[in-house]
Amino acid sequence: MLPFFTRYVALGDSMSIDLYPALDAGEIDVAVALERDTHAGRVAPLGAASLLYQNDDARHPESQGEELNARYPGIRFQNLALDGATIGDVFGEQLLALEDDSGPTLVTLTAGGNDLLSAMANRPRASLLESIGQEVMAAYDFLVASIRRDVPDSVIVLTSIYDPSDGTGRIPGVLEGVGVLPLHVLDAMNAHIRSLADDDVVLFADAHAWFLGHGVSAPEAERWYWRRSLVEPSAAGADGLRRLWLSVLDAADSAP
């Protein structure tokens, strides 16, 4: 059974932020849309982390009452996730920005995807790519250990990396010069993330499996990715990820 959380912290990359879901929904100030600077104006809280904390009842009436704010009245929310963040950014910037709090904390982590895309963009030879993949896994291990150290009274939800190509290795508009993306590196990373979730303190949310069929293989209206950049979550994708996290929490909460 989960503790009564007094704080929720979202760490990671654009899978957790509001920007792209809000752009997709048109719920954003023009200045933000033009500059892609979330400090330039209003951005509707439609990202996965924001919806997990506080549901948008008008947009998602079916999820009313399921959010963390309803389950744990008074819970505080700190979303430190940033667009384009790498594992190093989470460790070097986001963890340092954590507010002091000794209460039971829920942490969601979405990280590693930008590290892999960066490695693939350089088109390294196969042996070097495998080595880079191992280094990314080691960095992820260090990050998870650091979160457990810095937030000792926490439950951490590790989230696998989704695949907008739906297994094809091709994402229109993304690394098209590379050719077919080496998805075996992504698969190995996701298997490694899954392997770290081995107790009731570190949980696993399989976004990779959850999002399959909602990428390039689906009609545009059924995709969970922003139409202008298929590596970013749409409003539907943010809701999908939020629902995945809720299902993981429900399963953990009902476990003996």
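Taking the residues in the range 136-163 that are among the aromatic types (Phe, Trp, Tyr) and under 29 Å from residue 103 (Cα atoms) as candidates, determine which candidate is surrounded by the most Cβ atoms within 10 Å (Cβ to Cβ).
Applying the first criterion (among the aromatic types (Phe, Trp, Tyr)) to the range 136-163 yields 140, 142, 162.
Filter again for under 29 Å from residue 103 (Cα atoms), leaving 140, 142.
Values: 140: 22, 142: 13.
Only one residue fits best here, namely 140.
Quick test for you: out of 133, 103, 113, pick the one residue that is over 14 Å from the mean Cα position of the chain (by Cα), in contact (Cβ under 8 Å) with a residue 24 or more places away in the chain and buried (at least 20 other Cβ atoms within 10 Å of the Cβ).
Values: 103 fails: buried (at least 20 other Cβ atoms within 10 Å of the Cβ); 113 fails: over 14 Å from the mean Cα position of the chain (by Cα).
Matching residue, one of 133, 103, 113: 133.
For the condition among the basic types (Lys, Arg) and under 21 Å from residue 118 (Cα atoms), what is the one hit in 243, 223, 228, 194? Write out each step before concluding.
On the way: 243 fails: under 21 Å from residue 118 (Cα atoms); 223 fails: under 21 Å from residue 118 (Cα atoms); 194 fails: under 21 Å from residue 118 (Cα atoms).
Going through 243, 223, 228, 194 in turn, the sole match is 228.
Return the residues of the range 135-186 that are among the β-branched types (Val, Ile, Thr) and either touching a strand residue (DSSP E or B) at 6+ places or on another chain (Cβ under 8 Å) or within 27 Å of residue 94 (Cβ to Cβ) (or both); say none if nothing qualifies.
Initial filter on the range 135-186 (among the β-branched types (Val, Ile, Thr)): 136, 144, 147, 151, 155-157, 159, 161, 168, 171, 174, 178, 180, 185.
Of everything in the range 135-186, those that are among the β-branched types (Val, Ile, Thr) and either touching a strand residue (DSSP E or B) at 6+ places or on another chain (Cβ under 8 Å) or within 27 Å of residue 94 (Cβ to Cβ) (or both) turn out to be 136, 144, 147, 151, 155, 156, 157, 159, 161, 171, 174, 185.
Could you tell me whether the range 164-174 includes any residue that is without any contact (Cβ under 8 Å) to a residue 60 or more places away in the chain, crowded, with 19+ Cβ neighbours inside 10 Å and among the charged types (D, E, K, R)?
No, the conditions are met nowhere in the range 164-174.
Quick one: which of 65, 88 is surrounded by fewer than 19 Cβ atoms within 10 Å (Cβ to Cβ), of a type outside the set (A, V, I, L, M), closer than 16 Å to residue 247 by Cα and modelled with pLDDT of 95 or more? So that I can check it myself, show each step before the final result.
Working: 88 fails: closer than 16 Å to residue 247 by Cα.
After ruling out the rest, the residue left standing is 65.
Return the residues of the range 151-162 that are out of contact with any helix residue (DSSP H, G or I) (no Cβ under 6 Å at 6 or more places or on another chain) and outside any strand (DSSP E or B); say none if nothing qualifies.
Of everything in the range 151-162, those that are out of contact with any helix residue (DSSP H, G or I) (no Cβ under 6 Å at 6 or more places or on another chain) and outside any strand (DSSP E or B) turn out to be 151, 152, 153.
For residues that are free of Cβ contacts under 8 Å to residues at least 40 places away in the same chain and of a type in the set (Gly, Ala, Ser), tally how many sit in the range 68-93.
Within the range 68-93, residues that are free of Cβ contacts under 8 Å to residues at least 40 places away in the same chain and of a type in the set (Gly, Ala, Ser) number 2.
Restricting attention to the range 216-233, which residues are over 13 Å from residue 162 (Cα atoms) and in contact with a strand residue (DSSP E or B) (Cβ under 8 Å, 6 or more places away or on another chain)?
Of the residues in the range 216-233, the ones over 13 Å from residue 162 (Cα atoms) are 217-222, 226-229.
Selection gives 226, 229.
Could you tell me which numbered condition residue 190 fails, if it satisfies all but one of (1) on the phi > 0 side of the Ramachandran plot; (2) within 19 Å of the chain's Cα centre (by Cα)?
(1)
The values are calculated or read from the model by the stated rules, or taken from the named source; none is laboratory data. The shown structure was predicted, so the numbers you read here are calculated from the model rather than taken from an experiment. Glycine gets a Cβ as well: all are built from the backbone with ideal geometry, and neighbour counts include every protein chain shown.
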